[in-house]
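The block underneath contains the structure these notes are about, expressed in structure tokens.
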Amino acid sequence: MGRRCGRPPRVESHVVAHLRATVWGPAEFAGFPPRGLVAQGIFVAVLGLTAILGTTLAGASTGVPALADGEAGLACAVALTLCLLLARAGRALVGTVAVLGVCLALRAPQAAAGVVLAERGREEPVVVTSVRDSGATGAAGGRYVCSVVDFDGVPLKTPIWRGCGEKTRPGDALAVVYDPRGRVPPRGVGPGGGVFGAVRGLVPWAAVFSAVCVVTVVRSYRLSAPAPARDGHQAAAGEGH
């Protein structure tokens, strides 16, 4: 009978284990992960959130465009991804962290502007000069956008959509909130204001980002560094004897 070709079962199991560790992380612990490891994952998640969102909020508050536009947040997301790759965490989990970090950085500028307006914004009435349907121009959402002027006749450069609806007509009065320091564009006053209303859209993204960060750090745990070259040398010496 001919000899059956193929890899030995031990080699195949080693390859599968190596692929699993590369994609999802080695997770070399028995049972539940150590508390210290979970604490380390929570620390990384909080640090990542603070870096991505905190830099954008600081930029909106101080008026630094590179920070307020989310560019620094994107850089922080990239830096966190590189750190996880250097820690040899699972590639699939690291990729998920990277995607969620980029999404947070892109969504953070609007939320940061809302927080600044909620903290130090002042409300004033304005007069509508024109109303247009953003859906007619191909924009998503079908919002109505109003061009407005203040009561001195000075037009606002930023179109207003909060409080602007289908029944709004030129000459109507709207309420807008503006930053007295001029570092954040004004916006209309609508329901769901305040700090919580500004960050409410970020809460689900931040929760998922934090959970994936913790899992990524926990599963990156190794008992010892692999040494394939040393094992291969010992195997060759054993065959020689």
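The values are calculated or read from the model by the stated rules, or taken from the named source; none is laboratory data. These figures come from a predicted structure and were not determined experimentally. Note that we place each Cβ from the backbone using ideal geometry, even for glycine, and neighbour counts take in every protein chain shown. Each accessible area value is taken on the protein alone, full model and side chains, heavy atoms only, with ligands, DNA and RNA left out. Shrake-Rupley method; radii C 1.70, N 1.55, O 1.52, S 1.80 Å.
Before moving on, here are some points about what is shown:
- Counting only heavy atoms of the protein chains and using a 1.4 Å probe, Trp205 has close to 80 Å² of accessible surface.
- Ordering of 163-173, 80-90 by packing [mean C-beta count within 10 Å, highest first]: 80-90, 163-173
- Close amide H pairs (under 5 Å, H built 1.01 Å from N) link Asp172 with Val128, residues at least 5 positions away or on another chain.
- Solvent-accessible surface of the stretch 20-94, taken per residue with a 1.4 Å probe and all protein chains present: 54 Å².
- Solvent-accessible area of Arg107 with every protein chain in place, 1.4 Å probe, in Å² to the nearest 10: 110
- Charge tally in the Cβ shell below 11 Å around Gly193, where Lys, Arg are +1 and Asp, Glu are -1, Gly193 excluded: +2
- Amide H contacts of Arg187 (H built 1.01 Å from N, under 5 Å, at least 5 apart or other chain): Val177
- Between Arg120 and Asp150, full extension at 0.36 nm per residue minus the direct alpha carbon distance yields a gain of 8.9 nm.
- Close amide-amide hydrogen proximity is noted between Leu156 and Val148, Val149, Asp150, each under 5 Å apart and 5 or more residues distant or on a separate chain (H modeled in the peptide plane; Pro and chain starts excluded).
- Mean Cα-pair separation over length for the stretch 62-160, i.e. relative contact order, pairs under 8 Å, 6 or more apart, %: 18
- Difference of contour (0.36 nm per residue) and Cα-Cα distance, Thr62 to Arg20: 10.5 nm
- The stretch 60-83 and the stretch 104-136 have Cα centres spaced 21 Å apart.
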